[in-house]
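Notes for the one structure printed next.
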Amino acid sequence: MPRPTVLLLLGYFDWFSGYQEAALAAWLPRYAATEVIACDRVSPIFNDAHLARLGIPRRYATGTTIENNARVTRFRCHEKRAMVWSADVRPYIESHAYNLIIQVMPGQAMPLAGSLAQNRSVRAVLYGDNSGMWSHLNPVARLLKGAAFAVSKGMAYRYANQRADHIYGYTPETITRLQPFTPHGNPMRLLPLAFDPDRFFYGEELRLERRNALGYGPEALVVISAGRFLARKRLDLLFDAFRILHTQSTEARLLLVGADDTDYAKQIRATVERESHLRDTTTILPFVDHTELNSLFNAADIGVWPSLPAITIQQAMGTGLLPVIPNNPWVSHLVHDGMGIYFNPAAALAYQLSAAVSEAASMARSLRPQRALHNRWFSAQAITECLLDDAGLLERPLGG
């Protein structure tokens, strides 16, 4: 019996991002012949300084290559406001046979080519829209943004959903926000952002090795926050919490990962240098690759994300790290059964973090491997199998 053929259709596709599409592209080839179609540009969410550190150009070569066991086909595209389009994509799709077309983030425009194409394929549409994207705007601007969304992307979403067999949202809020654009009788389902279990995992030897390299003693309680340094992520609240924590435990250490050359990152560095207790206990690192990020999550004990959702939460949880996250509809689906701690965003984060630390300290270290195993329910493997199973295409993976 021939293996099923799957198309992963996107606007932007960057392996280094660690986003949902990269995790899916890494795992789909184990179950199906996989092709990725995307534009020839790096997502504008990554600035030039970030790309320079990674040694990645702003544009990719067009054409088809084999990458990580998947066919990757890139088209030269027109780009406007994080939307890309190529008139060549639809006829290309129609000239190929796919059992399943997975359209990731139709708001990037090019995934809509999968809805326009006349292929006899099962179609699955994935959305990640959430109000966290607009949280830094004032109330009037947020209202206008929502109205513009309903008239522009909302119409495109309605069309994509009418053609779709399965519709998924990354968060509970995604489902709520997009329900008006979903046909009656074909409701959206939750499909969480996934981490790649080949890249993010727990290892006791790795933990000890990285802690030694960072100069952390065996008693050090390491709090990590990872992701791009943005003002709306409220790292200032994390500093407030850590100041209190450090008065309670002199072994507390703070590890911040994701610094760049923006003005906000410079402010963060200045704050650390200005205060002696922060300067002596805080380590700031730039963007790192997935191998290094995995080792840093292993070295830490608690991860804190004060305000916004981030893929690094799931990646950290893949290592069994104890997350401290706000109880909001962006991340409220991730933690249950004692696998992490929610705090009330309306309450003092400093108090919540102190409580989280006390609870974490009371947990036996042997629970960490159990947390890592438990959290595989939203690993890329589990998400891939869910998509294929819903499409009636799930078979044993290669080597399975």
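Would you check if there is a residue in segment 83-105 being in contact with an Asp or Glu (Cβ under 7 Å, 6 or more places away or on another chain) and either touching a residue at least 24 places away in the same chain (Cβ under 8 Å) or on the phi < 0 side of the Ramachandran plot (or both)?
yes
Return a yes/no flag: does segment 258-280 have any residue that is modelled with pLDDT of 85 or more, touching a Phe, Trp or Tyr at 6+ places or on another chain (Cβ under 8 Å), more than 22 Å from residue 45 (Cα to Cα) and buried (at least 19 other Cβ atoms within 10 Å of the Cβ). Checked segment 258-280: no residue is modelled with pLDDT of 85 or more, touching a Phe, Trp or Tyr at 6+ places or on another chain (Cβ under 8 Å), more than 22 Å from residue 45 (Cα to Cα) and buried (at least 19 other Cβ atoms within 10 Å of the Cβ). Within the set 199, 210, the sole residue that is assigned by TED's automatic domain parsing to the domain that holds residue 289, of a type in the set (Lys, Arg) and under 24 Å from the mean Cα position of the chain (by Cα) turns out to be 210. Would you check if residue 270 is farther than 16 Å from residue 241 by Cα and outside the structural domain of residue 19 (by TED's automatic domain parsing)? Taking the combined requirement at face value, the residue satisfies it.
Got at least one residue in segment 325-336 being out of contact with any His (no Cβ under 7 Å at 6 or more places or on another chain), assigned to a loop (DSSP other than H, G, I, E, B) and buried (at least 22 other Cβ atoms within 10 Å of the Cβ)? For segment 325-336, residues out of contact with any His (no Cβ under 7 Å at 6 or more places or on another chain), assigned to a loop (DSSP other than H, G, I, E, B) and buried (at least 22 other Cβ atoms within 10 Å of the Cβ): present. Somewhere in segment 80-100, is a residue within 25 Å of residue 179 (Cβ to Cβ) and either at pLDDT 95 or above or touching a Lys or Arg at 6+ places or on another chain (Cβ under 7 Å) (or both)? Checked against the condition, which is being within 25 Å of residue 179 (Cβ to Cβ) and either at pLDDT 95 or above or touching a Lys or Arg at 6+ places or on another chain (Cβ under 7 Å) (or both), segment 80-100 yields at least one hit. Here 42, 6 are screened, and the one residue that is crowded, with 21+ Cβ neighbours inside 10 Å and touching a Lys or Arg at 6+ places or on another chain (Cβ under 7 Å) is 42.
Residues in segment 301-350 that are hydroxyl-bearing (Ser, Thr, Tyr) and out of contact with any helix residue (DSSP H, G or I) (no Cβ under 8 Å at 6 or more places or on another chain): 342 alone.
Against the condition of a type outside the set (Lys, Arg), at pLDDT 95 or above and on the phi > 0 side of the Ramachandran plot, how does residue 63 come out, does it pass? Answer is yes for this residue. Consider residue 93 carefully, then state whether it is under 25 Å from the mean Cα position of the chain (by Cα), within 17 Å of residue 33 (Cα to Cα) and of a type outside the set (Phe, Trp, Tyr). Answer is no for this residue. Of the set (1) out of contact with any Lys or Arg (no Cβ under 8 Å at 6 or more places or on another chain); (2) in contact (Cβ under 8 Å) with a residue 24 or more places away in the chain, all apply to residue 305 but (1).
The strands (runs of 3 or more DSSP E) found wholly in segment 44-94 and carrying at least 2 residues that are more than 14 Å from residue 9 (Cα to Cα) and not β-branched (Val, Ile, Thr) occupy 63-67, 78-80. When residue 112 is tested against (1) surrounded by 14 or more Cβ atoms within 10 Å (Cβ to Cβ); (2) touching a strand residue (DSSP E or B) at 6+ places or on another chain (Cβ under 6 Å), just one condition goes unmet, and that condition is (2).
The values are calculated or read from the model by the stated rules, or taken from the named source; none is laboratory data. Bear in mind that the values here come from a model prediction, so they are computed numbers and not experimental data. So basically every Cβ, Gly included, is an ideal-geometry build from the backbone, and we count neighbours across all protein chains shown.
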